Amino acid sequence: MLLAGVVVGAASARADGTVYRAQGCGDTIFVSSSTGFSVLQTDAGQGLKEGHELRGNVEQIGHPVLFDQTLGRSIFALVAERHLSRAEVTARIAARCRSPTGDISRSAYVSRTTGCGNKIFLNTPEGYVVMERISGGVVADGDTLVGNFTRPGRATLQDRQSGSTLVVFVEDVYLSKSSVERHMTAACQQNRR
């Protein structure tokens, strides 16, 4: 009987995790475990914060019973994704969470927009951003745009070269070069026809 308790305890310890990101993410938390990262949906009012130790199976899709060691209470969650790499979880955090310091303006240069209709492709240090111009001035390849384009949705940007204000819809953030090249090929070929 004692051996069975040890085996069960060892199996559940593998699935324990630490809250990696919760701040600014609404009802979504990102948890790190021994096999990668998991995405959990919770009640935003549960008070979970970065560094909280969670006991229970954070790698089992569904509704596991979890215990927050830091707060000393059970929490309710739904494991939506599991076994994500750091790059994968970083992209999901960028898409779902507000910046911990609020909306910070960033600058990036336009990699391509000529011949692509309203599509604008930005090159940032974190990866490429795909957006569509809703209104505003003309943007040229090589222009520098300033604004908050770190997550999908509507954004207002400034073009440093022309001084114009643009309203855009950010579609994808932090794509790889090969992925953005596929987007460019598709968007720009459609507009040539």
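How many residues does segment 47-103 contain that are surrounded by 12 or more Cβ atoms within 10 Å (Cβ to Cβ), touching a residue at least 24 places away in the same chain (Cβ under 8 Å) and of a type in the set (S, T, Y)?
2
Working only within segment 132-181, note down all residues that are among the β-branched types (V, I, T) and part of a strand (DSSP E or B).
I134, T144, V146, T156, T165, V167, V168, V170, V173 - these are the residues of segment 132-181 that are among the β-branched types (V, I, T) and part of a strand (DSSP E or B).
Just wondering, is there one or more residues in segment 125-136 that are surrounded by 14 or more Cβ atoms within 10 Å (Cβ to Cβ), in contact with a strand residue (DSSP E or B) (Cβ under 8 Å, 6 or more places away or on another chain) and either more than 17 Å from E171 (Cα to Cα) or not assigned by TED's automatic domain parsing to the domain that holds T185 (or both)?
Yes, because at least one residue in segment 125-136 is surrounded by 14 or more Cβ atoms within 10 Å (Cβ to Cβ), in contact with a strand residue (DSSP E or B) (Cβ under 8 Å, 6 or more places away or on another chain) and either more than 17 Å from E171 (Cα to Cα) or not assigned by TED's automatic domain parsing to the domain that holds T185 (or both).
Which of the residues that make up segment 137-173 are crowded, with 20+ Cβ neighbours inside 10 Å and touching a helix residue (DSSP H, G or I) at 6+ places or on another chain (Cβ under 8 Å)?
Selection gives T150, V173.
I need the full set of residues from segment 121-144 which are over 16 Å from S179 (Cβ atoms) and β-branched (V, I, T), in order please.
Within segment 121-144, I134, V138, V139, T144 meet the criteria.
Out of the residues in segment 87-105 meeting the condition of being closer than 16 Å to I29 by Cβ and of a type in the set (D, E, K, R), tell me which one is modelled with the highest pLDDT.
E88
Looking at S85, S111, S74 in this structure, which one is not assigned by TED's automatic domain parsing to the domain that holds R21 and not aliphatic (A, V, I, L, M)?
S111
Among all residue pairs at least 6 apart or on different chains, which show Cβ distances below 7 Å where the first residue, located in segment 136-151, is at negative phi and in contact (Cβ under 8 Å) with a residue 12 or more places away in the chain and the second is part of a loop (DSSP other than H, G, I, E, B) and of a type in the set (D, E)?
Correct list of pairs: N148/D103.
The values are calculated or read from the model by the stated rules, or taken from the named source; none is laboratory data. All values derive from a computational prediction rather than experimental measurement. FYI the Cβ positions are ideal-geometry reconstructions off the backbone, even for glycines, and counts take in every protein chain you see.
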